[in-house]
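First comes the structure, then the notes that go with it.
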Amino acid sequence: MFRNRQEFVLQWVKDTFGAKALNRKERAARLVEETLELAQACGLSLDDVARIGNRVYDRAAGQCAREIGSVQITLEALAELLGYKVDLLADEELFRVLQLPARHFVDSDAEKRRVGILFYPPD
């Protein structure tokens with residue numbers, strides 16, 4: 001669908017949220033949020049997630065490049081197990097998100113800031 005969806009998405013993030021949203025901690029926080037939503041949808045409890053988190057943070061930090069590869073491989077295995085195609089779902093979600101009004105993202109950011117999970121400064 002996209003020649004380079006990855007580049008397109010990052011540009012969309014910048015255009016939608018501003019350059020302030022292009023920091024490592026914020027992008028990682030959004031990945032954790034989405035990953036937790038997927039884990040919840042697959043039936044993992046908060047206790048399950050906490051045990052996993054404690055194990056991960058008890059070890060030394062990995063290298064970003066390797067961990068990104070691991071995330072992608074693990075996602076592809078889960079998607080295949082569940083009968084989904086990652087690229088198709090990503091395109092569908094991107095098209096859905098692109099249809100949302102700008103106010104949706106303003107409100108979403110405000111709620112994330114209110115609960116302390118937005119990692120970039122306000123305008």
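Computed quantities for the displayed model
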read-out	value
For Leu100, Leu118, Leu75, order by how many other beta-carbon atoms lie within 10 Å, fewest first	Leu100, Leu75, Leu118
The chain, relative contact order [Cα under 8 Å, separation at least 6], %	40 percent
Span from the segment 1-60 Cα centroid across to the segment 65-98 one, whole angstrom	12 Å
Computed over the chain, the ratio Rg/Rh where both radii use C-alpha atoms and Rh is Kirkwood	0.96
Non-local Lys pairs in the chain, i.e. 8 or more apart or on different chains, that have alpha carbons under 25 Å apart	4
Furthest towards positive pole of dipole, Val9, Ala65, Leu100, structure part the chain, Cβ charges	Ala65
Distance in nm between pseudo-label sites at Phe105 and Ala41 (7 Å out along the Cβ direction from Cα)	2.1 nm
The chain: calculated mean residue ellipticity at 222 nm from DSSP helix runs of at least 4, using -39500 (n - 2.57)	-23500 deg cm²/dmol
Per-pair calculated FRET efficiency, R0 = 22 Å: Gln6 and Ile73 via Cβ, rounded to 0.05	0.85
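Throughout, read-outs are computed from the coordinates displayed, never taken from laboratory work. These numbers were taken from a predicted model, which means no experiment stands behind them. Note that each Cβ is placed from the backbone with ideal geometry, even for glycine, and that neighbours are counted across all protein chains shown.
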